[in-house]
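The values are calculated or read from the model by the stated rules, or taken from the named source; none is laboratory data. Because the structure is predicted, anything quoted here is derived from the model rather than measured. Note that each Cβ is placed from the backbone with ideal geometry, even for glycine, and that neighbours are counted across all protein chains shown. Areas reflect the complete protein model, heavy atoms only, side chains present, ligands, DNA and RNA absent. Shrake-Rupley method; radii C 1.70, N 1.55, O 1.52, S 1.80 Å.
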Amino acid sequence: PRLCVVGSGPAGFYTAQHILKHHGGTQVDIYEKLPVPFGLVRFGVAPDHPEVKNVIHSFTQTARSERCTYRGNVTVGRDVTVAELQQAYHAVVLSYGAEDNRVLGIPGENLSGVYSARAFVGWYNGLPENRDLKPDLSCDTALILGHGNVALDIARILLSPLHLLRKTDITDSSLAALACSKVKHVWLVGRRGPLQVAFTIKELREMINLPGSRPVLSPADFTGLESAIKDAPRPRKRLTELMIKTALEKPGEKTAEVQAAASREWGLKFQRSPQEVLPTADGTRARGIRMALTRLEGSGDSAKAVPTGDVEELECGLVLSSIGYRSLPLDPSVPFDTQRGVIPNSSGRVEGVPGLYCSGWVKRGPTGVIITTMNDSFDTAQSVLEDLQMGVLDVSTSREGYGAVESILRSRGVRPVSFSDWEKIDAAEVARGKAAGKPREKIVDPQEMLQLIGH
């Protein structure tokens, strides 16, 4: 059987890995629109979390398998259509993730000084499309809308001491911008309460212990929560206890000294929903945000935030919206649920299109960490394997696979990047990083990547 996977992030690689491992005869080709592989492992994981990137080792093993081929620099839907891939392969798996962000839908969100978390993370992580972002960090207060791990990542990057960031693979230009940053206060704002935050305890603890910064949590936000979490699941209970402790504890002498010396601070604000980004007098830039105060109806994860009628304004020159990523339709021939931003599917089988599958965020929505995506991808891979076994996928007719696609690409003037090409780019990045005392210096311009491999 010849199969292909569209997207070389965790979903794509885990799907390929599982199929190759459990079916000795399959050949899997992975297509990626960028010259470089690994998706959000490369462009989403925070630079100061190198341990999370260790999955790259197992993805590299998969890509080096003689039954797997990587083809970068190929945009499916433009350079080759999904229908053309279906002609060339017995099965096609779409694992292209979430390439957009959810919008706030409020006045002023297009003012200068307002950025999506996706673009900001892409900027400091070297995602080519965000390399020219040039965020203005000349204000002293930043406000991040959202209470997830990405929001905490951004707060940590904004407030981290430079000597810690210099040892990471953060891009050179963002390091230079952060070195001139005036941001001293960062507020993380959510529509709901402390019991509904989406970040995890590891990220929160890291933020609380960030050198040179102190947490500002209002004790009033946590009154009566101890009894409310008595029967909560353990992760939620421990997370809430850590917030309560941080909000209520009187710092000991040593902590008090450390906190007094901290020149930067960050805090969590709850039950506030953004209504409008307020412009400066000349109408060009963000100077603050107006928020509706909310009350919660219901409890736990299903609690809804309802505006109370009261509003509050907060001065800030930098607004980062971290309210979620969004998948986009890839090709008119593929069904797409625009409401939910996913491809309608059952266990990864795309509804109404035999032989077409999906995995990862485009399958289930943009939530969860790498391990969630791994399990989800194995689930889709299992569906493919079952369909091969049950004869749902007709492998009696041979398919040309990459041979057919290669001639299509050639006729359209597209030159794919192989995995050994990527390894040359990788080696160049590592060498540049070494010269600067970093694990790598990412190349952010795709043209430069292609020149480097002689394309």
Residue pairs meeting the criteria (Cβ under 7 Å; at least 6 apart or on separate chains; first on the phi > 0 side of the Ramachandran plot, in the range 125-153; second among the charged types (D, E, K, R) and buried (at least 22 other Cβ atoms within 10 Å of the Cβ)): 126/442
Just name the residue that is farthest from residue 105 (Cα to Cα) out of those in the range 326-346 that are part of a strand (DSSP E or B) and open to solvent by 30 Å² or more (accessible area, probe 1.4 Å). 346
From the residues in the range 43-69 that are under 23 Å from the mean Cα position of the chain (by Cα) and crowded, with 20+ Cβ neighbours inside 10 Å, which one is farthest from residue 129 (Cα to Cα)? 62
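Condition check: under 24 Å from the mean Cα position of the chain (by Cα), buried (at least 22 other Cβ atoms within 10 Å of the Cβ) and not basic (Lys, Arg). Does residue 359 satisfy that? Before you say what the answer is, go through the steps one by one.
Working: under 24 Å from the mean Cα position of the chain (by Cα): yes; buried (at least 22 other Cβ atoms within 10 Å of the Cβ): yes; not basic (Lys, Arg): yes.
For residue 359, the condition - under 24 Å from the mean Cα position of the chain (by Cα), buried (at least 22 other Cβ atoms within 10 Å of the Cβ) and not basic (Lys, Arg) - is met.
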Give the residues of the range 123-134 that are within 25 Å of residue 287 (Cβ to Cβ) and either acidic (Asp, Glu) or open to solvent by 10 Å² or more (accessible area, probe 1.4 Å) (or both), sorted by residue number. 123, 130, 132, 133, 134
Going through (1) outside the structural domain of residue 356 (by the TED database); (2) in a loop (DSSP other than H, G, I, E, B) one by one, residue 48 fails only at (1)
Run down 233, 219 and say which single residue is surrounded by fewer than 12 Cβ atoms within 10 Å (Cβ to Cβ), at pLDDT 90 or above and closer than 18 Å to residue 198 by Cα. 233
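Going by what's in this entry, would residue 13 be described as under 30 Å from residue 175 (Cβ atoms), in contact with a Phe, Trp or Tyr (Cβ under 9 Å, 6 or more places away or on another chain) and free of Cβ contacts under 8 Å to residues at least 40 places away in the same chain?
Values: under 30 Å from residue 175 (Cβ atoms): yes; in contact with a Phe, Trp or Tyr (Cβ under 9 Å, 6 or more places away or on another chain): yes; free of Cβ contacts under 8 Å to residues at least 40 places away in the same chain: no.
Answer is no for this residue.
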For residue 312, all conditions in the list (1) closer than 30 Å to residue 369 by Cβ; (2) modelled with pLDDT of 95 or more hold save one; what is the number of the exception? (1)
Does residue 16 qualify as being buried (at least 21 other Cβ atoms within 10 Å of the Cβ), of a type in the set (Gly, Ala, Ser) and over 15 Å from residue 422 (Cα atoms)? yes
For the range 247-290, give me each residue that is within 23 Å of residue 143 (Cα to Cα), of a type in the set (Ser, Thr, Tyr) and modelled with pLDDT under 95. 263, 284
If we only count helices (runs of 4 or more DSSP H) wholly inside the range 63-181, which ones have 2 or more residues that are closer than 30 Å to residue 291 by Cβ and touching a helix residue (DSSP H, G or I) at 6+ places or on another chain (Cβ under 7 Å)? 117-125, 149-159, 172-179
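Any residue at all in the range 194-205 that is assigned to a helix (DSSP H, G or I) and open to solvent by 50 Å² or more (accessible area, probe 1.4 Å)?
First pass over the range 194-205, keeping only residues assigned to a helix (DSSP H, G or I): 194-196, 201-205.
Pick out the ones that are also open to solvent by 50 Å² or more (accessible area, probe 1.4 Å) and you get 202, 205.
Yes, that holds for at least one residue.
One line per residue, one yes/no per condition, for (1) in a helix (DSSP H, G or I); (2) under 29 Å from residue 50 (Cβ atoms); (3) out of contact with any Leu (no Cβ under 6 Å at 6 or more places or on another chain); (4) open to solvent by 30 Å² or more (accessible area, probe 1.4 Å):
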| position | (1), (2), (3), (4) |
| --- | --- |
| 354 | no, no, yes, yes |
| 368 | no, yes, yes, yes |
| 388 | yes, no, yes, no |
| 395 | no, no, yes, yes |
| 409 | yes, no, yes, no |
| 424 | yes, yes, yes, yes |
| 443 | no, yes, yes, no |
Quick one: what pairs do we get from the range 158-182, first residue open to solvent by less than 60 Å² (accessible area, probe 1.4 Å), second in a helix (DSSP H, G or I) and among the β-branched types (Val, Ile, Thr), C-beta under 8 Å, 6+ apart or different chains? 165/157; 170/157; 178/157
Residues in the range 370-386 that are open to solvent by 10 Å² or more (accessible area, probe 1.4 Å) and over 14 Å from the mean Cα position of the chain (by Cα): how many? 8
